[in-house]
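The values are calculated or read from the model by the stated rules, or taken from the named source; none is laboratory data. Model, not experiment: these values are computed from the prediction. Ideal geometry is used to build each Cβ from the backbone, glycine not excepted, and the neighbour counts take in all protein chains shown. Surface areas here come from the heavy atoms of the whole protein model, side chains and all, with no ligands, DNA or RNA. Shrake-Rupley method; radii C 1.70, N 1.55, O 1.52, S 1.80 Å.
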Amino acid sequence: MATMITSDCINCGACEPECPNQAIREGDSAYVINPNLCTECVGFYGAEMCQEVCPVACCLPNQKMREGEDILYARALKLHGADEIPKQQDLDEKTSRFRNKDWDNEVDDDAEPAEDYSEYWDE
Ligand code: SF4
Ligand code: SF4
């Protein structure tokens with residue numbers, strides 16, 4: 001799943017510099033995540049770093065955009081190249097939330113992104 005930011009966002013800006021993919025930007029009423037750039041931090045961290053630093057825990061899995069490790073890893077590879085991330089077979093609890101047994105980002109079926117990301121990116 002791509003991660004999304006809900007309307008609970010207080011616009012603190014803490015998440016934006018932490019994203020390894022520059023997938024987060026300030027929006028109109030809340031920060032927004034581009035799902036075409038979000039890898040749920042696969043390749044870099046064992047949990048979604050935006051959610052890790054968010055003071056109000058509003059960076060949640062988007063249930064309408066479910067994606068597995070294969071797809072997210074392929075995206076990370078495309079964005080960064082093979083020299084920048086571990087080989088997929090070497091991913092572990094620190095570089096893939098799918099391998100992190102302590103991963104516990106809340107899943108809320110009714111949650112929605114606060115804003116449509118597409119206004120803020122061309123890609
Ligand atoms: Fe960026 Fe990771 Fe958050 Fe996705 S989950 S927006 S890749 S920090
Ligand atoms: Fe919004 Fe959380 Fe990002 Fe702060 S860290 S801008 S509250 S999503």
Expected output for region 11-40 (first residue in contact (Cβ under 8 Å) with a residue 40 or more places away in the chain and under 20 Å from Lys78 (Cβ atoms), partner open to solvent by less than 20 Å² (accessible area, probe 1.4 Å) and more than 10 Å from ligand 1 (Cβ to nearest atom), Cβ below 6 Å, 6+ apart or cross-chain) is Asn34/Trp121
Quick one: in region 12-67, which of the residues that are aliphatic (A, V, I, L, M), more than 30 Å from Lys87 (Cβ to Cβ) and within 7 Å of ligand 2 (Cβ to nearest atom) is surrounded by the fewest Cβ atoms within 10 Å (Cβ to Cβ)? Val56
Taking the stated definitions as given, is Ala76 of a type in the set (A, V, I, L, M), free of Cβ contacts under 8 Å to residues at least 24 places away in the same chain and either open to solvent by less than 30 Å² (accessible area, probe 1.4 Å) or more than 16 Å from ligand 2 (Cβ to nearest atom) (or both)? no
Given the condition within 14 Å of ligand 1 (Cβ to nearest atom), farther than 17 Å from Tyr117 by Cα, in contact with a helix residue (DSSP H, G or I) (Cβ under 7 Å, 6 or more places away or on another chain) and modelled with pLDDT of 95 or more, answer yes or no: does some residue in region 21-40 qualify? no
